[in-house]
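First up is the structure itself, then whatever we jot down about it.
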Amino acid sequence: NVTDGNQWDTLLSGAYCWYNNDSSYENPYGKLYNWYTVADSRNVCPTGWHVPTDAEWTELTDYLGNEAGTKMKSTSGWDDDGNGTNESGFNGFPGGYRYNNGSFFEIGDFGYWWSSSENSAFNAGLCELLYLTGSVFRGNYDKTGGLSVRCIKN
């Protein structure tokens, strides 16, 4: 559990925190992890589970089709309702993120989940849900940032 922003920014090993370093955010939002936690051979997921690859995120969103983001969002926890139906059972909460300098942003508005796919020496893939849209966005984020993790069964 790394609370110091300067220490967080320089880590090249696994770390987690709670939003604003406040454990009261753990339920329902969970912890935020840097990507090095995802890549750690000790596996952040339980035995028999793993963090999805970019291809697995794509498979999920393609399967869900139109409004995949709406179907993946929890029905609570989102600012301005968030229009989530949780039709998929994903139950995605908007846990926000930790910027690589240690600052926290966007809880209630955005949910970000790591992909296990590394895109460069500095970035890895992510899956993003936003409160104002039913879409799912895919992109890259700095490995030293803090995002949520979702595990899927092998």
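The values are calculated or read from the model by the stated rules, or taken from the named source; none is laboratory data. Being a predicted model, the structure only gives us computed values, none of them experimental. Methodologically, a virtual Cβ is constructed for each residue, glycine included, from the backbone with ideal geometry; neighbour enumeration extends over all protein chains shown. Just the protein is used for accessible areas: all its heavy atoms, side chains included, with ligands, DNA and RNA removed. Shrake-Rupley method; radii C 1.70, N 1.55, O 1.52, S 1.80 Å.
Pairs needed: first member in segment 19-41, farther than 15 Å from G77 by Cα; second member anywhere, of a type in the set (G, A, S) and open to solvent by less than 50 Å² (accessible area, probe 1.4 Å); C-beta distance under 6 Å; at least 6 residues apart or different chains.
If the second residue must be of a type in the set (G, A, S) and open to solvent by less than 50 Å² (accessible area, probe 1.4 Å), the pairs left are L32/G146; N34/A15; N34/G146; W35/A124; Y36/G14; T37/G14; V38/S116; D40/G14.
So which residues in segment 83-98 are at pLDDT 95 or above and either under 14 Å from the mean Cα position of the chain (by Cα) or buried (at least 19 other Cβ atoms within 10 Å of the Cβ) (or both)?
Once the filter is applied, which keeps residues that are at pLDDT 95 or above and either under 14 Å from the mean Cα position of the chain (by Cα) or buried (at least 19 other Cβ atoms within 10 Å of the Cβ) (or both), segment 83-98 yields F90, N91, G92, F93, P94, G95, G96, Y97, R98.
Can you tell me how many residues within segment 42-59 are touching a residue at least 12 places away in the same chain (Cβ under 8 Å) and under 16 Å from C127 (Cα atoms)?
Qualifying residue count for the region: 9.
Within segment 128-154, restricting attention to residues that are among the hydroxyl-bearing types (S, T, Y) and open to solvent by less than 30 Å² (accessible area, probe 1.4 Å), which residue is modelled with the lowest pLDDT?
Once the filter is applied, the top-ranked residue is T144.
Those residues that are in contact with a strand residue (DSSP E or B) (Cβ under 6 Å, 6 or more places away or on another chain) and of a type in the set (V, I, T), I need them from segment 137-154; list them, please.
V149
Considering only residues that are out of contact with any helix residue (DSSP H, G or I) (no Cβ under 9 Å at 6 or more places or on another chain) and in a loop (DSSP other than H, G, I, E, B), which ones fall in segment 31-40?
D40
Can you tell me how many residues in segment 41-82 are of a type in the set (G, A, S), in contact with a strand residue (DSSP E or B) (Cβ under 8 Å, 6 or more places away or on another chain) and either in a loop (DSSP other than H, G, I, E, B) or surrounded by fewer than 16 Cβ atoms within 10 Å (Cβ to Cβ) (or both)? Before the answer, list the steps.
Initial filter on segment 41-82 (of a type in the set (G, A, S)): 41, 48, 55, 65, 68-69, 74, 76-77, 82.
Now drop any that are not in contact with a strand residue (DSSP E or B) (Cβ under 8 Å, 6 or more places away or on another chain), which leaves 48, 55, 68-69, 74, 82.
After this cut, where a residue has to be either in a loop (DSSP other than H, G, I, E, B) or surrounded by fewer than 16 Cβ atoms within 10 Å (Cβ to Cβ) (or both) as well, the list is 48, 55, 74, 82.
Of the residues in that region, 4 qualify.
If only one of G77, G146, G89 is at positive phi and in contact with a helix residue (DSSP H, G or I) (Cβ under 8 Å, 6 or more places away or on another chain), which one is it? Walk me through it before giving the result.
Details: G146 fails: at positive phi; G89 fails: in contact with a helix residue (DSSP H, G or I) (Cβ under 8 Å, 6 or more places away or on another chain).
Step by step, each of G77, G146, G89 is checked, and only G77 is at positive phi and in contact with a helix residue (DSSP H, G or I) (Cβ under 8 Å, 6 or more places away or on another chain).
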